[in-house]
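Comments concern the structure below.
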Amino acid sequence: RGQKMEKTISGKDLTQDFDASNMSKTDKKLMQIVESYKKRIRVIGVGGSGCNTLTRLSYLNIDESELIGMNTDVQSLLTTVADRKIILGPQACKGLGTGSNVSLGEDSVRESMDNIISVLEGSSIVFMTSGLGGGTGSGSVPIIAETARSMRVVSVACVTLPFNSEGLQRWRNAEYALKKLQTIADTVIVIPNDKLLELAPNRSMNDAFQMADNLLGDALGGMIDLVTKPGLVNRDIADLRSILKDAGVAVMGVGESKNPDEEERMIEAAEFAMRSPLLDADVSTADRVLINIAGNKDMKLDGVNTAIEYVMDRVQPGADLFWGVQIDNSLDQGTTKLMVITGGVKSLGDLPLIEKIRRASTLREKGKSFITDVAEGSVGFSYY
């Protein structure tokens, strides 16, 4: 028994499926309970961007949660890979998009409220992913979050903000939706698309959108894996609910290192995550932290502790910590990947970028182009 336990702790058996034929009746009952927990996690992709992220998730082998695609655009929904698909507002939109009309997006989700409620029933946590700025995502996600709160379902909104170059109207839509989400959703994880350009400045616009989808997929997948997949350090759905409930505005960072020295590799991964352009906020005010560390089966506890201490030294003293360690066989030998999500950071407030874009729009009317204003750096994004 002692040797078998040591083998499991070393990670050799953690990624293998359980053999149900060799289970005792008690173990089978326990497995049924575990499976029922998994089914209580729902991931909803809303609008074109949200459905793209959902399709990305379907390829990440996240079988432990139900993926639901929602869109007014039937053609987009047709290409979405999901367990369930819901047409929002079939009467209001006639199977077409909303044309960046937030009011139409709100009408559409209200028309389909019976379907929304059926998705939320029996859920413990619902993750909503969407790109704010369009009419469907900006109009629908706050209403879905509000419905989830009324049903006592913990709601986590993982959203992207528009590129500066997408224009004033999409930023107005994003501002409208984000202000609502800050007061309704339990946790709002924000990824500003323009920050992606700092990660890969020479990428095309199409590649940048793909990066946004991938990052949202990684964030959602990382959180779900913590409570649904075997790991060196396991957590359950109650832990995840407690860290995400009423967490407010959250930001995320991802770091990866291949340093041959394990302790240095852990520190580098944590450092890269905390220095990520996506984590462009004052995390010293964060009152809760979620850390997911992924690597090969030879990870050592000392290295894990070093990475966690590095992160916790940079947030509010006494912040709640939720962490897990996963064996990821898809990573190269000697590679550590660390994801950190900090909740309770300073609010995004009134989105000061909106005023800068309005100013840029005014300058354009006077003969100075909006794109030039962006290029000169007078339009930029910062968290407050």
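None of the figures in this text is laboratory data; all of them are computed from the coordinates on show. Every value quoted in this text rests on a predicted model; they were computed, and no experiment measured them. Cβ placement follows ideal geometry from the backbone for every residue including glycine, while neighbour counts extend to all protein chains displayed.
Structure values in brief
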read-out: For the range 38-226, with +1 on Lys and Arg beta carbons and -1 on Asp and Glu, the positive-most of SER138, ILE184, SER76 along the dipole; value: ILE184
read-out: Reciprocal mean inverse distance between Cα atoms of the range 38-226 - Kirkwood radius, Å; value: 16.0
read-out: Point-to-point label distance, ASP207-ASN115, nm (Cα→Cβ direction, 7 Å offset); value: 3.6
read-out: DSSP beta bridge pairing in the range 252-343, given as percent antiparallel to the nearest 5; value: 60
read-out: Rg(Cα)/(2.2 N^0.38 Å) for the range 156-283, N = residue count; value: 1.17
read-out: Spin-label proximity, ASP282 to the range 307-322 - amide N less than 17 Å from point 7 Å beyond Cα toward beta carbon; value: 314-317
read-out: Ranked by how many other beta carbons lie within 10 Å on average, peptides 262-268, 41-47, 171-177, 185-191 from highest; value: 41-47, 185-191, 171-177, 262-268
read-out: Peptides 137-150, 77-90, 282-295, 201-214 ordered by average Cβ neighbours within 10 Å, highest first; value: 137-150, 282-295, 77-90, 201-214
read-out: Equivalent ellipsoid, the range 252-343 (semi-axes from 5 times Cα gyration tensor eigenvalues, Å); value: 22, 13, 11
